[in-house]
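Undergrad: A single structure is presented below for examination.
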Amino acid sequence: MRKLSVAAAVAALLLLAACGSNSGLGDLGGIFGTPQSSSTGTNNPGTIGATVNFVDTSAQRIDVAVNYVNNLRQSQGNQSIYYDSRTRVVYNGNNGYNVSDLERGDQISVTGSTDNNGRFLADTITVTRNVRG
């Protein structure tokens, strides 16, 4: 039992260290490693559960409070998730939802991967709880 708790503590420390940033907001791309060249320009797929803090449509960035990464339920603090024109947003099974429809407090599940700039780029954003109910 002790080996499991030590391993969990080490994993948590490594995960937190990967989230460090000088800008105040971490970069989730660092959690998944350094990008390698590929035909799609992305790698290291992952799933993130988070609560929306702010959507910056001009920078195509969503600032979030991360609740879990790849189903590891550990608070990661404030991070940034990036999106592009190919990112799908799903709410109640409807694909017609837009990133600009996201509000502070919405809970989301994001699948994506790191891009060539080392940023976490969302493929699909699923609204798991809308703050308005």
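The values are calculated or read from the model by the stated rules, or taken from the named source; none is laboratory data. Keep in mind the model is a prediction, meaning the values are calculated, not measured. Ideal geometry is used to build each Cβ from the backbone, glycine not excepted, and the neighbour counts take in all protein chains shown.
Undergrad: Given (1) without any contact (Cβ under 8 Å) to a residue 60 or more places away in the chain; (2) part of a strand (DSSP E or B), where does residue 105 come up short, assuming only one miss?
TA: Of (1) without any contact (Cβ under 8 Å) to a residue 60 or more places away in the chain; (2) part of a strand (DSSP E or B), only one is false for residue 105: (2).
Undergrad: Could you list all residues from the stretch 86-99 that are at pLDDT 95 or above and polar (S, T, N, Q)?
TA: 87
Undergrad: Residues in the stretch 100-115: is at least one exposed (fewer than 13 other Cβ atoms within 10 Å of the Cβ), more than 16 Å from residue 51 (Cα to Cα) and of a type in the set (Gly, Ala, Ser)?
TA: Looking through the stretch 100-115, none of the residues is exposed (fewer than 13 other Cβ atoms within 10 Å of the Cβ), more than 16 Å from residue 51 (Cα to Cα) and of a type in the set (Gly, Ala, Ser).
Undergrad: Evaluate the following for residue 70: is it at pLDDT 85 or above and either in contact with a Lys or Arg (Cβ under 9 Å, 6 or more places away or on another chain) or of a type outside the set (D, E, K, R) (or both)?
TA: no
Undergrad: Can you pull out every residue in the stretch 83-133 that is small (Gly, Ala, Ser) and touching a Gly at 6+ places or on another chain (Cβ under 9 Å)?
TA: Answer for the stretch 83-133, where residues must be small (Gly, Ala, Ser) and touching a Gly at 6+ places or on another chain (Cβ under 9 Å): 109, 112, 113, 118, 122.
Undergrad: Listed residues 110, 64, 127, 52; which is at pLDDT 90 or above, of a type outside the set (Lys, Arg) and over 11 Å from the mean Cα position of the chain (by Cα)?
TA: From the options 110, 64, 127, 52, the qualifying one is 127.
Undergrad: Taking residue 69 as the residue in question, decide whether it is buried (at least 17 other Cβ atoms within 10 Å of the Cβ), under 17 Å from residue 129 (Cα atoms) and either polar (S, T, N, Q) or in contact with a strand residue (DSSP E or B) (Cβ under 9 Å, 6 or more places away or on another chain) (or both).
TA: no
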